[in-house]
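See below for the structure under consideration.
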Amino acid sequence: MAMEDTAKPTRMELMNTKAKIKLAEKGHRLLKQKRDVLIMEFIAILGKARDLRTELNARMAKAYRSLAVAEAYDGLFAVENASLSVTKASNVEISVKNIMGVKVPDIEGQYVAKTPFERGYGIIGTSAKIDEAAGSFEDSLATVIELAKTENALLKLLREIEKTKRRVNALEYVVMPRLRRQSKYISMRLDEMERETFFTLKTIKKKLAKHERAES
């Protein structure tokens with residue numbers, strides 16, 4: 001037996017069912033709007049992520065070329081010694097940004113570019129080639145931070161889009177059709193009950209009239 005067939009055929013139940021249909025339709029409309037906005041935001045961020053990925057590839061290629069030149073010019077030992085002396089990058093601050101109810105990370109670095117005096121290795125004994133390699137990797141790290149923020153936002157938006165799609169489909173193909181069938185069933189049963197009541201009353205009226213004629 002279908003669920004709608006078990007509904008009580010009363011006026012109150014019909015009113016409640018129609019109210020549920022309106023609520024479901026409103027929720028469906030709002031969820032579709034949310035889904036569309038999230039998809040638009042996803043597409044916009046996706047374009048940015050692609051640009052950042054291309055930029056990062058170019059920066060990393062430049063950084064490794066600079067590193068190869070520094071190793072050839074100063075020697076592998078000098079480059080490794082300088083790298084072990086480099087101080088850590090500045091702190092990265094992570095906050096939260098809200099996009100249509102989706103919390104995505106907002107990563108900010110107090111950016112990592114330094115002067116040769118701030119990097120920690122000695123100026124004496126190193127050449128400008130090492131400084132160039134260090135600067136190239138610092139530029140790459142800044143792009144890595146921005147790309148990490150962007151791709152993490154994409155992942156969270158994608159999950160929310162899929163979740164919202166499932167809710168839209170559940171309302172559109174399951175909940176709303178079931179409620180409409182239930183409303184139709186209750187209306188049909190009420191009509192049947194009214195016809196039965198009318199027929200019963202008509203029969204009783206005929207019997208009473210016949211009884212009155214017999215007595216007279």
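Okay, residues lined up against (1) at pLDDT 95 or above; (2) part of a helix (DSSP H, G or I); (3) touching a Pro at 6+ places or on another chain (Cβ under 6 Å); (4) acidic (D, E):
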| residue | (1), (2), (3), (4) |
| --- | --- |
| E146 | no, yes, no, yes |
| E160 | no, yes, no, yes |
| N169 | yes, yes, no, no |
| S187 | no, yes, no, no |
| E194 | no, yes, no, yes |
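Would it be correct to say that V102 is crowded, with 17+ Cβ neighbours inside 10 Å and at pLDDT below 75? So V102 fails the test.
When the residues of region 5-43 are filtered to those that are under 23 Å from N169 (Cα atoms) and among the small types (G, A, S), which remaining residue is nearest to the chain's Cα centre (by Cα)? Per the criteria, the residue is G27. Do we have any residue at all in region 1-12 that's surrounded by 11 or more Cβ atoms within 10 Å (Cβ to Cβ) and at pLDDT 90 or above? No, because not a single residue in region 1-12 is surrounded by 11 or more Cβ atoms within 10 Å (Cβ to Cβ) and at pLDDT 90 or above. Could you tell me which residue of region 35-47 is modelled with the highest pLDDT, considering only residues that are crowded, with 16+ Cβ neighbours inside 10 Å and not hydrophobic (A, V, I, L, M, F, W, C)? Restricting to residues being crowded, with 16+ Cβ neighbours inside 10 Å and not hydrophobic (A, V, I, L, M, F, W, C), the top hit is R35.
Residue-wise test of (1) modelled with pLDDT under 90; (2) of a type outside the set (D, E, K, R); (3) within 30 Å of R178 (Cα to Cα).
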position	(1), (2), (3)
T17	no, yes, yes
Q33	no, yes, yes
R50	no, no, no
S83	yes, yes, no
D106	yes, no, no
F117	yes, yes, no
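The values are calculated or read from the model by the stated rules, or taken from the named source; none is laboratory data. What you see is a predicted model; the values in this text were computed from it and never measured. Note that each Cβ is placed from the backbone with ideal geometry, even for glycine, and that neighbours are counted across all protein chains shown.
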